[in-house]
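Just so you know, all these numbers are worked out from the coordinates, no wet-lab data involved. Computed from a prediction, not measured in an experiment: that's the story for all the values here. In this analysis, Cβ positions are derived from the backbone assuming ideal geometry, glycine residues included, and neighbour counts consider all displayed protein chains.
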Amino acid sequence: MPAPSAALDRFAGDPDFMLSLARGLLVLRAFEKEAKLTIGRAAALTGLPRPAARRCLYTLEQLGYLAARDGEWQLRPLLLSLARAYLTSTRFAEAAQPRLDQLRDEVGESCSIGVFDEGEVVYIARSETQRIISIALSVGSRLPAYCTSMGRVLLAALEPAARAAYCAAAPFPVRTPFTLTTADAIAAELKRVDEAGYAVIDQEMEIGLRSIAVPVRDRTGKVVAALNVGVASSRTAPEDLIARILPRLQSAAEEMRELAGLGL
C-alpha cells in the first residue's frame, strides 16, 4: 500500500493547502501504530523524508503535544484537549449511551457504536461487560473496516463508486485464517450486507470473537453510524447472533434514529 504521505500529492499546486500542517498531522497519526517513535520510524510510517519527520516531531514537542527522551518521542496529555473538544460535541453518542447500556443489559454482551473514517471504524460509544478481545476498546479506538462487523455495515452504505474504490485497495492484511482479504470476496460480502441489512463477522478480526452489526440511520434514512454486539465464539453460535441478538440490535438502532439528528 502507498505511504500515507502519498495522499498529499493531490494537493500539489493548491495555494491554500498547508503542507507543513498536513505533514505534522501525519506524524501524529503514526502514533496510532506505535507508542514511541524515533525519527526513522516516524519517517518510515508516514513516508516523509527524515528531515521533514524530524521537524514535525520537534515542532510538536515544542508545542507540548509530544515529549522526547533518548531519541524517542511519545504523546503528551495535551492532545486530550483536542479529543475532548470532539467528544463534547458528539451529542449523538452522549444521547445514545443510555440505550446502548440497555442493549448491553438485554443481551448480556458488550455493545458499541462506530462511524467510518478513512477506511477505519472509529468507536464513539461503548458499553462493555467483559473483555473478549485482546485489544482494549474504548471511545476513540480505531479498527479496520474490512474485517469488522461495523466496518462492513458502514462500507455497504457507501456510494457504489466509493465502495469500489475501497475494495480496489485489496488485498488487505490477513488477521486470522478466516479473514476475507480479496477485492472480490469483500465486494460480494458488502453486497450481501447491503441486501440483508446486517453484517456478521465470524473470527475474521480475532480468533474467538464473533460480532453482528446493523446500520443506524437518521430520519432521512441516511446511514450515519453502526451499532454492534460482540460475543465469544465459545458461547454464541452464528445462528444465535441472528436469532437472538439481531432483533434487539435492530430495535435499538430504530430507537436511535431520532437521536442521530443531533450530530456526530
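Miscellaneous remarks
- Helical content of the chain, expressed as a calculated mean residue ellipticity at 222 nm, amounts to -11500 deg cm²/dmol (DSSP H runs of 4 or more residues, -39,500 (n - 2.57) each, divided by residue number, nearest 500).
- Over every Cα atom in the stretch 194-264, the radius of gyration and the widest Cα-Cα span, Dmax, amount to 13.1, 39 Å.
- Note on the stretch 4-77: along the principal axes its Cα atoms extend 38, 23, 20 Å, ordered by decreasing extent.
- On the beta carbon distance between Ala44 and Asp184, with R0 = 30 Å, the FRET formula returns roughly 0.45.
- Over the chain: Kirkwood hydrodynamic radius from C-alpha pairwise inverse distances, Å: 19.9
- Under the simplified labelling scheme, the Lys33-Asp117 pair shows an inter-label distance of 1.8 nm, with each label point 7 Å from Cα along Cα→Cβ.
- Rounded to the nearest 5, the antiparallel percentage of DSSP beta bridges internal to the chain is 100%.
- Most fluctuating residue given options Phe116, Phe11, Phe92, as computed from a GNM of the chain linking Cα atoms under 10 Å: Phe11
- Cleavage-rule hits, GluC sites (Glu not before Pro), the stretch 167-264, DSSP coil, Cβ neighbours within 10 Å at most 12: Glu258
- With bins 10 Å wide beginning at 0, the percent of Cα pairs of the stretch 84-231 falling in each bin runs 12, 44, 34, 10.
- Total charge dipole magnitude, the chain, about the Cα centre, Cβ charges on Lys, Arg, Asp, Glu only, Debye to nearest 20: 640
- Stretching the chain fully between Asp105 and Ala22 yields a gain of 25.6 nm (0.36 nm per residue, less the alpha carbon separation).
- Note on the chain: with a GNM built from Cα contacts shorter than 10 Å, the maximum mean-square fluctuation among Ile245, Ile39, Ile212 falls on Ile39.
- Part-to-part distance (alpha-carbon centres) for the stretch 150-166 and the stretch 178-198, which is given in Å: 10
- Kyte-Doolittle at least 0.5, axis length at least 15 Å by Cα - qualifying DSSP helices, the chain: 19-30
- Cα gyration tensor category, rounded, prolate or oblate, for the stretch 1-158 with a/c compared to 1.5: prolate
- Low-density loop cleavage sites - trypsin sites (Lys or Arg not before Pro) in the stretch 11-71, where at most 16 other Cβ are within 10 Å (DSSP): Lys33
- Candidates Ala30, Ala157, Ala213, ranked by Gaussian network fluctuation over the chain, Cα under 10 Å, top entry: Ala30
- Size of charge dipole - the stretch 18-168 - debye, nearest 20, with Cβ of Lys, Arg +1 and Asp, Glu -1, no other charges: 580
- Charge dipole (the chain, unit charges on Cβ, about Cα centre) - positive-most of Phe172, Gly47, Ile212: Gly47
- Projected label distance in nm at Leu80 and Val174, using a 7 Å step from Cα toward the beta-carbon: 4.1
- Length added when fully stretched, Ala136-Ala12, from 0.36 nm per residue minus Cα-Cα: 40.8 nm
- At most 13 other Cβ within 10 Å, DSSP loop - trypsin sites (Lys or Arg not before Pro), the stretch 93-182: Arg131
- For the pair Arg91 and Glu254, the difference between a 0.36 nm per residue extended length and the Cα-Cα distance amounts to 56.9 nm.
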